[in-house]
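Beneath this line is the structure, given in structure tokens, with notes to follow.
Every number in this text was worked out from the coordinates using simple rules, so none of it is lab data. Source: prediction; values computed, not measured. Cβ atoms come from the backbone with ideal geometry, glycine included; neighbour counts cover every protein chain shown.
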Amino acid sequence: MQSSAVVRRQMSLARKDELIGYLFVAPQMIGFLLFVLGPIVAVFLFSTQERNLLSGVVNPVAFANFDTMLQSDRLFPKVLGNSLAFTLGLVPLNLLLSLTLAVLLTRKLRGTLFFRTLFFAPVITSTVAWAIVWRFLLQGEQGINQLLDGVGIDGPNWLREPGWAMASVIVTRVLKTAGLNMIIFMSAIQNIPREYDEAASVDGANARQVFFRITLPQLAPTILVALVLTIIGSLQVFDHILLMTNGGPANSTAVLIYYIWFQAFRVFDIGYASALAVVLFLIVLTATAVQWLLRQRFIYNER
């Protein structure tokens, strides 16, 4: 009888602990269902509808929005091309700059703390303030062009010429975000055992050989993660483009996420905007899956 009572008491305490655990997890799960899973399901549902934000008309159209996207929308291929150009321009520049800064700023040199702060400051700076300042610096004959004119160089109209507009947005975005990857790379470099570098130096390796033969391979997993995160981040850049170029000139900087916003809140076609959002979701999901597969293969090969 006594042992039975002890067992019941233990079971009661276990249920109580389990209930407390569920209560702690509940706010996170409720937030996930309401603000993550719910909107994702809604977007997939809206993508199969003709849904106008102004008129309130809602009609099921199955996959008609996707047919329009692939067959009738002449701007959609241009938007995808812009997104690809933006990503291909931003990602290599971001990783190259952040890795270079990380290597330089992990050395014991005078002033490294100042430069770490200097290069990380744009990350925590408001995007609105950053974009407005750069828009002023890159406009017409003022700002940077005024400095160039002082040395006899006729600068382009950075934000009003299609090729230069995309380049300007990419470079200013790289300068804004490279500090985050710099911190990630610095942390990874500082975790590499110094014995490897010392052993290579004893064997006669120079600084270049140490970096490419020892440091860089050790950083490969971190570079892979930073690569995918930067790719995903580049596909989600909206405010920067809206504030600097508003998708222009001639839609030369209109990327996919900007086009989603345009269709939803300028054309008020929520159904078509949702179909575009589904495409963006699938692109990001593919990038994440590729990163996971590459990371698993890398870990397997290491073992």
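Laid out as a table, the results:
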item: Residue-by-residue Karplus 3J(HN,Hα) for segment 191-199, coefficients 6.51, -1.76, 1.60, Hz, glycine and proline x; result: 8, 6, x, 5, 4, 5, 5, 5, 5
item: Segment 146-189 versus segment 109-145: alpha-carbon centroid distance in Å; result: 10 Å
item: Listed peptides 191-200, 135-144 by packing density, highest first (mean Cβ within 10 Å); result: 135-144, 191-200
item: Backbone HN-Hα couplings from phi across segment 95-101 [Karplus 6.51/-1.76/1.60, Hz, Gly and Pro as x]; result: 5, 5, 5, 5, 5, 4, 4
item: Aspartates and glutamates whose Cα lies under 16 Å from that of K176, excluding same-chain neighbours fewer than 8 positions away; result: D239
item: Inverse of mean 1/r across different Cα pairs in the chain, Kirkwood, Å; result: 23.4 Å
item: Per-peptide average of other Cβ atoms within 10 Å, ordering 258-266, 214-222 highest first; result: 258-266, 214-222
item: Mean Cβ neighbour count within 10 Å, used as a protection proxy, ranking 116-128, 76-88, 18-30 highest first; result: 76-88, 116-128, 18-30
item: Computed [θ] at 222 nm, helices only, for the chain once each DSSP H run of length n ≥ 4 contributes -39500 (n - 2.57); result: -23500 deg cm²/dmol
